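Since the structure comes first, as structure tokens, the remarks are kept for the end.
Bear in mind that the values in this text are calculations on the coordinates, not laboratory data. Note that the structure is predicted; figures quoted are calculated from it, not measured. Heads up, the Cβs are rebuilt from the backbone with ideal geometry, glycines too, and the neighbour counts pull from every protein chain shown.
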Amino acid sequence: MKNLPLQLPWLLCLLTIISCSSGTYSSGNSASSNTGWANTEYAQEDELPLSQNRIVIYNASLTLIVEDPESLNKSLQGIAESYGGYLQKSGTEEAVLRIKSEKLEEVLAKLETMGKIKNKRISGEDVTEDYQDLKIRLDNAEKLRSRYLDLLDKAKEVEEILKIERELERINTQIDLYKGKQNYLDNQAALATIRIDIEEKVKAGPIGLIFVGAYKAVRWLFVWK
């Protein structure tokens, strides 16, 4: 390798071009959004990093009408912990639950026993393609880092060493960014989010109770079950 000092600048240029061609990961709208439960089979199972199913982020929102909003949050915290999650936000008007995605239906059924539910919505965002794209970019960045480390071992000139170290710093930053986004998608897919708007059940006053009683009496006269 006597000609290495002369070849090194060309190798650096080549690796820089390869690095730039990998682009920057974006989690825009490349993944399709589906409303409801995703049940799509994945043709190439060995390419999925998490499981044999599509990687879907589930979100649910609903309004829960209860008699005592103050005591509701204690119950919600217990439910979240029972289903492998936690209570992310609590209050008398709004609460947010994070629970295991596969337990979403069970938790929603549990909430229905705690009060009257209205405006219930469930959505699933498929991020499988985003995850795969991110995994490819991470693998390429790690391979590129290995090449630069090899060049660093062979470099002799101070200027060349500094150039390689700057490129390594940039690549390490990219790798940390990719890993952070990968961890974020892992967490979002593993735990579903349930947003609950809490309303207190309206209680009838003395006069209202009279009208309610009269209504039930009239209804009894005309409707028999």
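The string of couplings for the range 118-123 from the Karplus curve (6.51, -1.76, 1.60, θ = phi - 60°) is 9, 6, 7, 9, 10, 9 Hz, one whole number per residue in order, with x for Gly and Pro. Please report the net charge: other residues with Cβ closer than 13 Å to the Cβ of residue 164, K and R +1, D and E -1. Counting the neighbours of residue 164, the net charge comes to -1.
Between residue 158 and residue 201, full extension at 0.36 nm per residue minus the direct alpha carbon distance yields a gain of 8.0 nm.
For residue 107, what is the net charge nearby, where nearby means another residue's Cβ is under 14 Å from its Cβ and Lys, Arg count +1, Asp, Glu -1? That sum, taken over residues with Cβ under 14 Å, equals +1.
Taking 27 Å as the limit for the C-alpha separation, the pairs 156/181; 120/181; 116/181; 143/181; 135/156; 143/163 exceed it in the case of 156/181; 120/181; 116/181; 135/156.
Here the relative contact order of the range 74-164, from alpha carbon pairs under 8 Å that lie six or more residues apart, stands at 14 percent.
Assign one of three labels to the range 60-165, namely rounded, prolate or oblate, based on the Cα gyration tensor with a ≥ b ≥ c the square roots of its eigenvalues; rounded applies when a/c is under 1.5, prolate when it is not and a/b is larger than b/c, and oblate otherwise.
In terms of gyration-tensor shape, prolate.
Seen from residue 190, the other residues with C-beta closer than 12 Å to its C-beta sum to a net charge of +1, counting Lys and Arg as +1 and Asp and Glu as -1.
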